Amino acid sequence: MTDDERAQHAAALRGLLYLACPDAPATAITATAEAIAQRAEKTPRAPVPQAAELVLPKTPGLTDPLNLAGADLAGADLTDTDLAGADLTDTDLTDTDLTDTDLTDTDLRGARLETARGARSPAGAVWDSHTRWPAYLASRVLDESDEVEPGLYRVRGGRNNFADKFQRLGEVDEPLRLRLDVALPAYDRIGDTHSVAVTWGQIADILQQRGEVDEALRIRREVALPAFEQVGDTHSVAITWGKVADSLLRRGEVEEALRIHSDVALPTFEQVGDTRSVAITWGKVADIHELRGEVDEALRIRREVTLPAFEQVGDTHSVAITWGKVADSLLRRGEVEEALRIHSDVALPAFEQVGDTRSVAITWGKVAEIHELRGEVDEALELQLERLAVNEQLGDMDGIAAANWHVARIDLSRQDLEAAVPRLVTSFQLFVQLQRLDGVAVVGATLGQLLLAAGERGQARQVLQASRAAAAKIGFADVVEQLDELLKATGDGKGPS
């Protein structure tokens, strides 16, 4: 018997043992199934010793989640059964009666429930594109779920989701504390290496949101990646590598970010058949091409690869995001009216329909930029201020920095330096904190020029040197040339060392 066959045998036994001994400790069911599977090629002369534990009572208060991954529970009567926290990955639940069954916080990745009866939306459960929901439940589960990682969803609610609730409300410090002080010790205590890795990844996401890019990058490389590799979760390894690439891109390491997305993450997602993550990764590749000025190639990828893929899997939210990026590319090619039409008539209504406030605010900003290009300054300012208010409410530092920059540009067009300079300072400082090198380069060039004109040569030199270093790192040659000239005017004829 091969290892794969033995694993399938153990999964089937776990299901049978659970149905026969539903009140047995979960650890006893798992241990007994593994022991029988290991002896599958021998004629049994006596029960395996682990079977004696099946008659023991469950220990009150002990975390004892069931492992029913891959089990065949098809047609079973699970009415009023407590499966909370169970691992139901790839479990066959077809034709099962799930009336009043507690599926809170279960892992339903790849589970088959399409013909299950009586199922309710399972609070806190995780699922993916391979999960097969009953037709009567699918739309509700989708509406009540959040995407926690590319291709991975969690139904809102559950028993351990306080950090998620705070984060959806725009809080940062409290979710970080809960994950560091509550979730990690709990998962460590029960030896749940996979959940430890997931939690460290969530901590890295929060740190990156707060601008602590280097620490986020360290955690992903030194903690999350080895943990996912240890448990053999190839899919999560690929997701984490993608986030490493995102962090590197924010630090200006463009070529390495492109290499990781193209040569590491993308082949893995293609290998496991994750169409949605393939589309997401191609979108990131397109973003890098656009950053390098290769607008036609970015536009081709979005139109010919990412849009069809997202439409294939029915991901309307990602379709809207991709259309917005198509509009950005068209705007860079000078197709202003078509870009405005897509943002206003395609992307914005889609984001409003799904309640994605942050993407609505971003789209307002893009529409405002087009109004500004057309000389409709009042309309542009109104939209940018609305965007800024939403960004501040959400605690979106990147959005706050971008909105302040665009409002400052409008102030400058009206010669209102008193209003513009504080906004430029805020924007520049946030972009530095976030390590958004494109923002540091562009905003710093304008701020440094204004400081120089005001006679503040020392401050101007510091800002312009930081701006030049950022522009050089991401290949903004024209900006570098402009900054070199400005640095000469500060008395720094050599530019930054």
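Computed from the coordinates by the stated procedures, all read-outs in this text should not be read as laboratory data. Fair warning: this is a prediction, and the values are worked out from it, not measured in the lab. Neighbour counts are summed over all protein chains in view; Cβ atoms, including those assigned to glycine, are modelled from backbone coordinates with ideal geometry.
Restricting the GluC sites (Glu not before Pro) of region 438-497 to loop positions (DSSP other than H, G, I, E, B) with no more than 15 neighbouring Cβ atoms within 10 Å leaves GLU456.
In order along region 401-412, the Karplus-derived 3J(HN,Hα) couplings, from 6.51 cos²θ - 1.76 cosθ + 1.60 at θ = phi - 60°, round to 4, 5, 5, 4, 4, 6, 5, 4, 4, 5, 4, 5 Hz, and Gly and Pro are given as x.
In region 435-497, the C-alpha radius of gyration followed by the widest Cα-Cα span (Dmax) gives 10.2, 29 angstrom. Inter-label distance, ALA453 to ALA477: 2.9 nm, where each label sits 7 Å from its Cα along the C-beta direction.
Rounded to the nearest whole Hz, the Karplus-based 3J(HN,Hα) values (6.51 cos²θ - 1.76 cosθ + 1.60, θ = phi - 60°) of region 91-104 follow the sequence 7, 8, 10, 5, 6, 7, 8, 10, 4, 6, 6, 8, 9, 4, with x at glycine and proline.
Need one number: convex hull volume per residue for region 412-468, Cα atoms only, in Å³. Mind showing how you got there, number by number?
Details: hull volume 3.9 nm³, N = 57.
Taking only Cα atoms, region 412-468 has a hull volume of 68 Å³ per residue.
Across region 331-336, coupling constants 3J(HN,Hα) worked out from phi with the 6.51/-1.76/1.60 Karplus curve, θ = phi - 60°, read 4, 5, 8, x, 8, 5 Hz, and Gly and Pro carry x. Amide H contacts of GLY124 (H built 1.01 Å from N, in plane; Pro and chain starts excluded): ASP105, VAL155, ARG156, GLY157, GLY158 sit under 5 Å, all sequence-distant by 5 or more or on other chains. Using the Cα gyration tensor of region 261-351, with a ≥ b ≥ c the square roots of its eigenvalues, what is the shape: rounded (a/c below 1.5), prolate (a/b larger than b/c) or oblate (neither)? It is oblate, given that a/c is not under 1.5 and a/b is not larger than b/c. Averaging 1/r across all pairs of distinct Cα atoms in region 369-497 and inverting the result yields a Kirkwood radius of 15.0 Å. Would you tally the net charge around ARG436, using a Cβ to Cβ cut-off of less than 11 Å, leaving ARG436 out, and scoring K and R as +1, D and E as -1? Summing Lys and Arg as +1 and Asp and Glu as -1 gives 0. Please list the non-local residues whose amide H lies under 5 Å from the amide H of VAL148, H modeled 1.01 Å from N, same-chain partners needing a gap of 5 or more. Counting only residues 5 or more places away or on other chains, the set is TYR153, ARG154. Amide H to amide H distances under 5 Å link ALA119 with LEU98, where only residues 5 or more positions off or on other chains count and H is placed in the peptide plane.
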